[in-house]
Amino acid sequence: MKVKIGEAVLELVEGDITQQDTEAIVNAANEQLIPGGGVDGAIHRAGGPSIAEEARKYGRCPTGSAVITGAGNLKAKYVIHAVGPRYRDGKHGEPELLASAYRSALNICLEKGIDSVAFPSLSTGAYGYPLPEAARIALKTIISFLKEHGRPRLVRMVLFGKEAYQAYEEALKELAAREGLS
Ligand code: AR6
């Protein structure tokens, strides 16, 4: 599924983030920027050790923010490491922190002139964020960023498996109807 927001496109695909040919891919990182499991593990395995070496120079990356490195052997040129929140009960600032992680990664794209980026579904694996809620927050944040800035021209959400894809599709249909997007 795809929607246009001005000149920009927001696209949902089911797939693997490591295989994307966008200029940048986003990693679901932790504050220590130490390679873990899930998307993070897959990106470091596929991209090679230079990504972790470069990330180490930043030290720590607080929840809700993001940093950028090269992408080693991946097709993308850059990896943007964004740290989403661990989900507790939704009353500990999780929605704001999750939105902030997406916005931080998108702001890095603007600063660097990166015009296509692929995101995984931040926080919905090891960090336990319920998918339907996380999908709404992710998509709302991306849509409002694209409305304001018109860039990056392509934002692709890469969903791992049918369940994740369907949760995002449902959320995007609702938001697109409400905001008159097609
Ligand atoms: N491509 C796209 N999505 C994927 C892939 C992939 N190759 N593999 C998993 N997913 P997670 P988090 C989906 O756990 O919840 C790490 O240990 C997965 O199905 O990767 O933000 C880090 O080091 C899920 O929907 O990230 C952190 O410590 C989504 O990606 C912590 O996990 C996110 O799952 C971050 O946890």
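Some points to look at:
- Probe 1.4 Å, all protein chains present, accessible-area order of Phe160, Phe119, largest first: Phe160, Phe119
- Note on Lys162: accessible area is roughly 130 Å² with a 1.4 Å probe, heavy atoms of protein only.
- Accessible-area ranking of Asp89, Asp40, largest first, probe 1.4 Å: Asp89, Asp40
- Heavy-atom surface analysis with a 1.4 Å probe gives segment 2-179 a carbon and sulfur content of 48 percent of its accessible area.
- Of the chymotrypsin sites (Phe, Trp or Tyr not before Pro) found in segment 14-94, those in coil by DSSP whose Cβ has at most 15 other Cβ atoms within 10 Å are Tyr58.
- Considering only segment 2-179, percent of DSSP beta bridges that pair antiparallel, nearest 5: 35 percent
- With the alpha-carbon atoms of segment 2-179 aligned to their principal axes, the span from lowest to highest coordinate is 44, 36, 28 Å, starting with the largest.
- Accessible area (Å², per residue) of the chain, counting only protein heavy atoms and a probe of 1.4 Å: 47 Å²
- For Ala118, the residues whose modelled amide H falls within less than 5 Å of its own, excluding neighbours fewer than 5 places apart on the same chain, are Ala24, Ile25, Val26, Arg156.
- Protein-only accessible surface order, largest first, of His149, His44, His81 at 1.4 Å: His149, His44, His81
- The residues packed around His149, meaning those with a beta-carbon under 12 Å from its beta-carbon, carry a net charge of 0 if Lys and Arg are +1 and Asp and Glu are -1.
- Protection-proxy order for peptides 164-171, 100-107, each taking the mean of Cβ atoms within 10 Å per residue, highest first: 100-107, 164-171
- Projecting the Cα atoms of Gln166, Ser116, Gly37 onto the dipole axis of segment 2-179, where Lys and Arg carry +1 and Asp and Glu carry -1 at the beta carbon, places Ser116 farthest toward the positive end.
The values are calculated or read from the model by the stated rules, or taken from the named source; none is laboratory data. Because the structure is predicted, anything quoted here is derived from the model rather than measured. As a convention, Cβ positions derive from the backbone with ideal geometry for all residues, glycine included, and neighbour counts pool all protein chains shown. Each accessible area value is taken on the protein alone, full model and side chains, heavy atoms only, with ligands, DNA and RNA left out. Shrake-Rupley method; radii C 1.70, N 1.55, O 1.52, S 1.80 Å.
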